[in-house]
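The values are calculated or read from the model by the stated rules, or taken from the named source; none is laboratory data. This is a predicted model, so every value here is computed, not measured. Please note: Cβ atoms are built from the backbone with ideal geometry, for glycine as well, and neighbour counts cover all protein chains shown.
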Amino acid sequence: MPRRVEIRITGLGGQGVVLAGEILGRAAVYDGKHAVQTQSYGAEARGSAARSEVIISDEKIGFPKVLKCDILVAMSQSALDKHLKDLKAKGTLLTDEDSVKTIPKTNARVFRVPATRIAETELKSRIYANVVMLGAVITITNLVTKEATEKAIMNSVPEETRKSNLEGFRKGMMQEFIYPI
Amino acid sequence: MFHFYEAELIAAHRYKHRLYLKPTTKIPTPKKEAPMTQAAPQSTHFWQGNEGCAEGAIAAGCRFFAGYPITPATEIAEHLAKRLPQVGGIAIQMEDEIASLGAVIGASWAGAKAMTATSGPGFSLMQENIGYAFMTETPCVIVNIQRAGPSTGQATKCGQGDVMQTRWGTHGDHAMIALSPNSVQEMYNLTIRAFNLAERYRTPVVLLADEIIAHMREEITTPQLKEIEIVDRKKPKRTEKTFFGSQDIPPMPAVGEGYNIPVTGSTHNETGHRYTADPIVHRKLVERLVGKIERNADQLIEYEGYNIDECEAGIISYGCTSRAIYETVELAKKEHIKTGFIRLKTIWPFPDRVIQRMAQNTKALFVAEMNLKQLFYEVKRAVEGTVSVFPINKIGGGEMITPGELLSEIVRRTRNLD
């Protein structure tokens, strides 16, 4: 069976969910896989519901949207409430620990990642929460290699933020920040 | 009044000192060691559809872009603003979409391959100039990344509601060429083709894409430059006198080459002079303009077909919606329904013949599109009642028609036909 994984990264506009999806898809292509990334966002610059979807497959991808996801990342409470129903049974859920207070009962594997807190305390800006979360996603799921992701980050973010983004990603990859419940 | 006086004074001062010859902004000269001084080299990338379109334009030889920002087409302007100066081209933001296409038409007459990119509301504004480009036989490419209309509609959400506007948006008798990509790779390939067709047939060409394909990222392989077929417009011989007739696709001089010809959107004869009362001149001109596209339909039409000559249910689709048909075919196999499809890469001129071919060999045709039945009626017209045609439509929120939805409609209809 060819492997096909569908990921949905959700949150609010401005949290970098689209960029996180772009980096993930680019890393998959660097690893020699097929990948499609799509996005959905509101007309506002910040604050409206935003989501990014990535399909990583060994085969060519037809339908590009994710209907039922294997991995759901929720960076906000409203995003979780809206998208949890689309997570496959026994899927993987990652939430931002500070932004998502209540997690409804689910049979998914749940990981609470303090992505925003790490970004704020260690990198002095919450804009890096997305790459911290990405580090956690990759540690838990092994979707793509660390090397490919770092290369993808280098090629996806503005030059002046490369260092901080890489640092955030590596912090996210450090196991002790991830608390399975 | 004061402002007018002041402007006049400045104009007079400029004229006196010939200042008007100096460009007000410095046009960037290409750096010798710029990172990418030409089209992207052969490689595999993870690009957005809009990036694919912009790079395809550069590969095709586009060296002038004028546009006005609009979701979901802005990335094309953004990318070309960065890239065109690197290859010695110009990207300019105009005051609106009317001026954008105006600048593109001007650049084309100055000899450049030129393009603009917009979405529904901007495309509406461009209609007048599209007619002008058609009437004056100006090669140019208009990219329309469709979003949910009418009016400003749902700016960030996908739609396919501009299909008929592309065909009939501008007034008067005309014929249009419109191409429909369904992948990032095709955003690149069909942009190149759009330029080639514009140059070959001396006419505006619309790349009719949609938000999902334009904003989607996926892998794309750019070929080696020498492998890309590039068509350039036919240039006149020194002795040539007719640039608007006497042959189907006349040669096109550029401004400054010394031909001193009028260019007008009013009815004109073979040398370009206005004839706004003569029935013969009008008939000859407009019939030739429409005819040069209709007669070459076979060269213009491209599609992807599967089981065209043998299927129970035939799906006709294009753009983002057509990304669902591959999985639908597989799902239908499990239901023991043999499906086929025609995925249109050329929407206009409409591929009547292949649709008719499929109609002869199927029980029912299904037209799937993200609008309220636009191409559906074209399919109905083409098959002339020989087979049942069913619409599958969905609009709003940028939600795609899923393979499951396509399947359930096909199952429902084909079982009822038995």
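Could you tell me whether region A:65-76 includes any residue that is of a type in the set (S, T, N, Q), more than 14 Å from chain B (Cβ to nearest Cβ) and touching a residue at least 40 places away in the same chain (Cβ under 8 Å)? Write out each step before concluding.
Just the residues of region A:65-76 that are of a type in the set (S, T, N, Q), to begin with: A:76.
Of the ones still in play, those that are also more than 14 Å from chain B (Cβ to nearest Cβ) are A:76.
Add one more test, that the residue is touching a residue at least 40 places away in the same chain (Cβ under 8 Å), and what stays is A:76.
Looking through region A:65-76, at least one residue is of a type in the set (S, T, N, Q), more than 14 Å from chain B (Cβ to nearest Cβ) and touching a residue at least 40 places away in the same chain (Cβ under 8 Å).
Considering each of B:342, B:347, B:410, B:316 in turn, give the residue that is more than 14 Å from chain A (Cβ to nearest Cβ), within 23 Å of residue B:210 (Cβ to Cβ), buried (at least 22 other Cβ atoms within 10 Å of the Cβ) and free of Cβ contacts under 8 Å to residues at least 60 places away in the same chain.
Working: B:347 fails: free of Cβ contacts under 8 Å to residues at least 60 places away in the same chain; B:410 fails: free of Cβ contacts under 8 Å to residues at least 60 places away in the same chain; B:316 fails: free of Cβ contacts under 8 Å to residues at least 60 places away in the same chain.
Answer to the check: B:342.
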Could you name every one of the strands (runs of 3 or more DSSP E) located completely within region B:21-124 that has at least 3 residues being under 17 Å from residue B:205 (Cβ atoms), at pLDDT 95 or above and touching a strand residue (DSSP E or B) at 6+ places or on another chain (Cβ under 7 Å)?
B:62-67, B:113-118
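Would it be correct to say that residue A:8 is at the interface with chain B (Cβ under 9 Å from one of its Cβ atoms) and charged (D, E, K, R)? Show your work before the answer.
Working: at the interface with chain B (Cβ under 9 Å from one of its Cβ atoms): no; charged (D, E, K, R): yes.
No.
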By residue number, the members of region A:14-33 that are in a loop (DSSP other than H, G, I, E, B) and either within 10 Å of another protein chain (Cβ to nearest Cβ) or in contact with a helix residue (DSSP H, G or I) (Cβ under 7 Å, 6 or more places away or on another chain) (or both) are A:15, A:16, A:31, A:32, A:33
Residue check: is residue B:256 at positive phi and either assigned by TED's automatic domain parsing to the domain that holds residue B:158 or surrounded by fewer than 17 Cβ atoms within 10 Å (Cβ to Cβ) (or both)?
yes
Do you know which of the residues in region B:258-272 that are in contact (Cβ under 8 Å) with a residue 24 or more places away in the chain and not polar (S, T, N, Q) is nearest to residue B:170 (Cα to Cα)?
B:265
Taking the residues in region B:360-407 that are outside any loop (DSSP other than H, G, I, E, B) and within 14 Å of chain A (Cβ to nearest Cβ) as candidates, determine which candidate is farthest from residue B:148 (Cα to Cα).
B:407
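For region B:288-329: of the residues being assigned to a strand (DSSP E or B) and more than 17 Å from the chain's Cα centre (by Cα), which is farthest from residue B:197 (Cα to Cα)?
Here is the first cut: in region B:288-329, the ones assigned to a strand (DSSP E or B) are B:303-306, B:313-318.
Add one more test, that the residue is more than 17 Å from the chain's Cα centre (by Cα), and what stays is B:304-306, B:313-317.
Working: B:304: 19, B:305: 22, B:306: 26, B:313: 33, B:314: 29, B:315: 27, B:316: 24, B:317: 22 Å.
This residue is B:313.
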Here's a check for you: in region A:50-89, which residue that is closer than 22 Å to residue A:116 by Cβ and acidic (Asp, Glu) is surrounded by the most Cβ atoms within 10 Å (Cβ to Cβ)?
A:53
Identify the residue in region A:34-49 that is buried (at least 18 other Cβ atoms within 10 Å of the Cβ) and facing chain B (nearest Cβ under 9 Å) and, among all such residues, is modelled with the lowest pLDDT.
A:41
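For a quick check of your reading: which helices (runs of 4 or more DSSP H) sit entirely within region B:145-235 and have at least 2 residues that are more than 14 Å from every other protein chain (Cβ to nearest Cβ) and touching a residue at least 60 places away in the same chain (Cβ under 8 Å)?
On the way: elements: B:163-168, B:184-201, B:211-215.
Where helices (runs of 4 or more DSSP H) fall fully within region B:145-235 and carry at least 2 residues being more than 14 Å from every other protein chain (Cβ to nearest Cβ) and touching a residue at least 60 places away in the same chain (Cβ under 8 Å), they are B:163-168, B:184-201.
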In region B:359-391, what residues are closer than 19 Å to residue B:308 by Cα and either among the aliphatic types (A, V, I, L, M) or assigned by TED's automatic domain parsing to the domain that holds residue B:120 (or both)?
B:359, B:364, B:365, B:367, B:368, B:375, B:379, B:382, B:383, B:387, B:389
Looking only at region B:263-272, which residues are of a type outside the set (Val, Ile, Thr), assigned to a loop (DSSP other than H, G, I, E, B) and surrounded by 14 or more Cβ atoms within 10 Å (Cβ to Cβ)?
B:265, B:269, B:270, B:272
